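The values are calculated or read from the model by the stated rules, or taken from the named source; none is laboratory data. Computed from a predicted model, the values in this text were never measured in an experiment. We place every Cβ from the backbone using ideal geometry, glycine too, and count neighbours over all the protein chains shown. The protein model used for the area step is the full one, side chains on, heavy atoms only, and it has no ligands, DNA or RNA in it. Shrake-Rupley method; radii C 1.70, N 1.55, O 1.52, S 1.80 Å.
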Amino acid sequence: MEMIPMGPVLAVLIKQVLKTAEAAKDVLIEKESFKVLSKHLFDIEPMLKELQLKKLNDSEATRLALQTLEADVKRANSLVEKYKDRARFYLLVKCRHIVSEVQEVTRDIGRSLAAFSLANADVLSGMSSQVNKLHNEMQSVEFEASSSHFQIVDKLHQGIRDQKLDQEFANLMLEEIATAVGVPVEHSQISKELENFRNEKEEAAKRKERAEVFFLEQVIELLSRADAARDFIEVKNQYFQRLQAMERYAAREEQIAPFTPFLCAIKRTVMIDPVSLCTGTTCERAAIEEWFDHGKMTDPETGEILKDRTLRSNLPLRQSIEEWRELNYCLRIRACKEKLLSGSDASVEEALNQMQDLMTENSINKDWICIEELTDIVITILGSSSNTNLKRKILVTLKYTVKGHARNKEKVIEYGVLDDIIPCLAHDSNVAKDAVELLHELLQDRCTWNVSACRKLSTLCGAVGCLVALLSGPVRESATYAETILKQLFEVDEESISQAAKSGWYRPLIDRLVQGPVSSRVSMVRALVNMELVDSDLKLLGKEGIVPPLLEMLASGNMESKELALSALIQLSSCRANKGLIASAGGLPLILKMIFSTRLCAIVLGKCCQVLEKLSSNDDGTKFFVDGNGTQLELEPIINSLLAMKLHNVQRPALRALLGICKSDPVFVKTAVLNTNGLTLVLPLLDETDSEIREIALNLLFLFSYDEPLGVVEYLLKPKRLEALVGFLENDNNNNDVQTAAAGLLANLPKSEASITTKLIELDGLNALVNIVRTGTMKAIENALSALFRFTDPVNLEVQRKVVDLGTYDLLVNLLKTGSVLAKARAAALLGELSKSSPKLVVMNNTIGCLCFRPKHPHQCAAHGGTCSVETTFCLVQANALPNLIELLQGRIQIVAHEAIHTLSTLVQESCPNRGASALHEANAIKPVLDVLRWGQIL
């Protein structure tokens, strides 16, 4: 350099800097570190160019600084060239070392640049700040390998230290390494990379880097176990080659004894990594290294002093040992197959244990066991065996077979193992645990999920239900696996969410309803609407929080969403607990706003009315007609809107809702009738062809008739109206509400309307009322009894006799014992009405003539003094009603006692009070009557 002028030297250096800077951008591993080096080199280049234009000090210090800078740049270039085209797997495992080298050379270039600057301070005075800044940056630079690369390398080192040589770990590491360096996880690509990796190991061996060679061998051995590193055709051919060699051994033979050369001279065990000494003795590498570490310098077999302690891998012997092992594997696999086909549970269990041992010893046996179709046989046994212990053993063995092995997973899934696993999920907790763990493993695809397998599982009958059942099972691990699987099924098939809900797990459905896209929300609500849910399910859904998202869908969704949301709310509101939730969430104002709207289609409008109907049902009335703050809503507009509904499919739920409202509050009913002209609007509905509308209208009229009876009378007196009412009385088609309402309506009509009474008798209405008393519900009986008062007026003996002739008297007496409180009171009052006529109907006996020669007369009534009977005189005594009436007094119920005393008092006539009092005394009625004076109230 001393003979060459400074200008050409700078030109060469600039060219070298640019070349290295460009090349550094193309290194595939630790790109960020090489990019930083490249950037600094590009920053140096303009400084050197500027120096070309100036005259440098041609001093020894300048040339030395320039020479050092050039050497450092060459080192950087060599470093770039060293790692630019190396095996990518090798580069990853060496990432820490590479980063350290790049950092060192970058700092060295920075120091050389500083020395060069000092040697030419006067020339570089205008660039000093720029040079100093660059020097400081390069001196203080801190390079770090990619954290993801660090994690992979650390995991690899830890796995090798822990002897994690299983196939699952190999698959995981291979996939992570390949992904990190941009290599597809395909057999052809992986094989190529592993071959390059082996070449790197050979190069390290040539450099006599013993520790590195040992580590690389371990990594290569581990990664070679992965599925993607093995060519299945080669594995299959290898197995059939071993089978041919096995044919010379007897069928019952399961083990070939090891040959003597296979045994380590030190440990006397079969070697794994045999090495030869200079004397020809072979030992296990680890054993002879330990021998030397303990200071022993002799041949372990001959005792000869070793002048050369070089260890040479005995590859032929290693291959022979491997063939011997593989041949033994084949023998054991053949024996396992015979035991599996034996039909003996004990032999099958022994075979399963041996299969597990085989797969633990060498992962290649996972392939060979499947090639020999042992897994197919095992799956068949799983589906047919009822032996619980055997099922568990099969499930565990299958997990060994497929764990970390994508090809075996695919094979057993194709064979139909999922169908046989599902029944095991419903088995006892131990079997279920093994089954769900196997299922979880089958659905894994390296680091992700096998979407195809998940979809297949989601379509199998009972799969989701069995998994849901495990969530509440006794084994926590099973529940965790089940939940993990279910969540993945939900991602690939929304129908699984519906199936989970049908099995009682509603949380995923509600979560999807709250957080999912619009299409998912609609799908979830549709599924919910199509479910058959009992009250406990509905209550749980409400508790889980389904009401708010439904109301949100109702408020902001399209017409389809609104219809589905309303259908779900109808379903939910059949559970009383949910009514309060809908009300407190502000559901009523929203629904009413839709009802008041004129732009809704009839279907949606009808469903709005159905929600109101549900909320007002079961005597809840207007309890839940509140806003979100609990403030009672104005009811009159609601009544007006419901009465105005004329469309057929809307009118029925609207009227049912109105009926529920009106049942709840008599005061409100009166106001509603007056303010909304309700009677006028409802009366014509009795002429509707729809029987349900007629029946609802009748129930409404019954309620209205308490306050507007005259309007109803006017309507009933028109032709054919009363006939229709009698038809309702005679309606015994399991619709007791109709009979109750019809009888109640008649009871509320003025008794002074004699024309109605007469017409009812003509139309057989009286007989219909008596039949209700005989066979109706208690509520219908109460109303029918009330209606009978218009037929028992003592003024009209002829009508009273018609009542008695229908067998009513005995029914009334029986009701004194069996009826409700109200029925007892009304039955007692009706008996009193009939009893009032007894004195007029009794036939008095003549007592003329001598006492000894009087003619014999019928028995004389103790109360009336003549001949009495139920049919002729409506006599209480002859009907044996007194004991029941007296018993009513002892019940201490005010209304019942009042009517009973009133009826008993009909026996005490003004013309002959002693006779009636005597009859009451004989019946032991006096004391109970006096007792009433003590506890009763004045009515």
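General observations
- For the chain, with all protein chains in place and a probe radius of 1.4 Å, 51% of the accessible heavy-atom surface sits on carbon or sulfur.
- Residue (of Asn196, Thr775, Leu642) at the positive-pole extreme of the chain, dipole from beta-carbon charges: Thr775
- Furthest towards positive pole of dipole, Thr818, Ile893, Val105, structure part the chain, Cβ charges: Ile893
- What segment 219-310 shows is 57 Å² of accessible area per residue, with the surface traced by a 1.4 Å probe over protein heavy atoms.
- Computed accessible area, His405, all protein chains, 1.4 angstrom probe, square angstrom: 0 Å²
- Note: relative contact order over segment 474-587, using C-alpha pairs below 8 Å and six or more positions apart, is 21 percent.
- The lysines within cross-link reach of Lys192, meaning a Cα-to-Cα straight distance under 18 Å and a gap of 8 or more places when in the same chain, are Lys84, Lys201.
- For Lys579, the solvent-accessible surface computed with a 1.4 Å probe is close to 0 Å², ligands and nucleic acids excluded.
- Largest to smallest accessible area among Trp449, Trp368, Trp324 [probe 1.4 Å]: Trp449, Trp324, Trp368
- With all protein chains modelled, accessible area of Arg521 [1.4 Å, Å²]: 60 Å²
- Annotation: the antiparallel percentage among DSSP beta bridges lying fully within the chain is about 100.
- From helices alone, the chain scores -21500 deg cm²/dmol at 222 nm; the rule is -39500 (n - 2.57) for each run of n ≥ 4 DSSP H residues, then divide by the residue total.
- Listed residue pairs exceeding 18 Å between alpha carbons, taken from Lys337/Lys456; Lys663/Lys824; Lys623/Lys663; Lys155/Lys208; Lys366/Lys411; Lys720/Lys759: Lys337/Lys456; Lys663/Lys824; Lys155/Lys208
- Calculated from the structure at hand, Cα Rg over 2.2 N^0.38 Å is found among (i) 1.72; (ii) 0.96; (iii) 1.01 as (i).
- Separation of segment 425-462 and segment 325-396, taken as the distance between their Cα centroids, equals 21 angstrom.
- Farthest toward the positive end of the dipole of the chain, out of Gln241, Val348, Pro684, is the Cα of Pro684, where the dipole comes from beta carbon charges about the Cα centre.
- Whole-number accessible area per residue in Å² for segment 781-847, which is evaluated in the context of all protein chains at 1.4 Å: 38 Å²
- Using a cutoff of 8 angstrom between alpha carbon atoms and counting only pairs six or more residues apart, the relative contact order for the chain works out to 4 percent.
- In terms of the mean number of neighbouring beta-carbon atoms within 10 Å, the peptides 559-569, 211-221 order highest first as 559-569, 211-221.
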